[in-house]
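These notes concern the structure reproduced below.
The values are calculated or read from the model by the stated rules, or taken from the named source; none is laboratory data. Predicted model, so just to flag it, every value in this text is computed and none were measured. Note that we place each Cβ from the backbone using ideal geometry, even for glycine, and neighbour counts take in every protein chain shown.
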Amino acid sequence: MEEYLSKRIDLATQSMLDNEKLTDGLEDAAADVLIAWGVAATKIVVSRTAGLDDQQAEEAMYPEMRALRRMMRATTRWLSRYEMLGAELARERLQEIAEYAATVYGAGYQPPSFDQLHKFLENIPAIFDASSTIAELRRLVENKTII
């Protein structure tokens, strides 16, 4: 990887690590899983800035990194309030996370279908451990096999 891309990844990752609001209320293990997701997504966002100067890269990354932070905060809120949300509200919150993901992952991203969201929600009680739930949510959002 080009040195300038590594530097951008480091700066964006450090900014994420310094923002305690992203994982506020999560236990350390769950926060670590969410941060790992955020770092992986940051690498995807930054990789799209290859060939841009720093100013252009910053402008290009801004909406995507903002969406990533919002996706992470939405995940934290959804997880911390899961038991109080009804099924419909839980699905709406998951849809919100998927909408942020569309900005983060960029053109060609296919968000989870209604059926995938429904299946995920049905299986939450079986896996409800904050770390595992975040890991499964990441797989759902990234369109990988879930549960």
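Given the residues Tyr109, Tyr100, Tyr105, Tyr82, which is the only one that is at pLDDT below 90, out of contact with any Ser or Thr (no Cβ under 7 Å at 6 or more places or on another chain), of a type in the set (Ser, Thr, Tyr) and surrounded by 14 or more Cβ atoms within 10 Å (Cβ to Cβ)?
None of the others qualify; the one that does is Tyr82.
Given the residues Thr49, Thr103, which is the only one that is polar (S, T, N, Q), closer than 30 Å to Tyr4 by Cα and over 17 Å from the mean Cα position of the chain (by Cα)?
The conditions single out Thr49.
Could you tell me how many of the residues in region 47-100 are over 15 Å from Ile134 (Cα atoms), among the small types (Gly, Ala, Ser) and in a helix (DSSP H, G or I)?
Summing the residues that are over 15 Å from Ile134 (Cα atoms), among the small types (Gly, Ala, Ser) and in a helix (DSSP H, G or I) in region 47-100 gives 5.
Within region 76-104, work out how many residues are farther than 21 Å from Ala31 by Cα and either touching an Asp or Glu at 6+ places or on another chain (Cβ under 8 Å) or aromatic (Phe, Trp, Tyr) (or both).
Total satisfying the criteria: 1.
Would you please name the residue that is nearest to the chain's Cα centre (by Cα), looking only at residues in region 2-26 that are outside any helix (DSSP H, G or I) and surrounded by 12 or more Cβ atoms within 10 Å (Cβ to Cβ)?
Thr23
Hey, among the residues in region 41-56 that are surrounded by fewer than 20 Cβ atoms within 10 Å (Cβ to Cβ), among the hydrophobic types (A, V, I, L, M, F, W, C) and without any contact (Cβ under 8 Å) to a residue 60 or more places away in the chain, which one's farthest from Leu94 (Cα to Cα)?
Leu52
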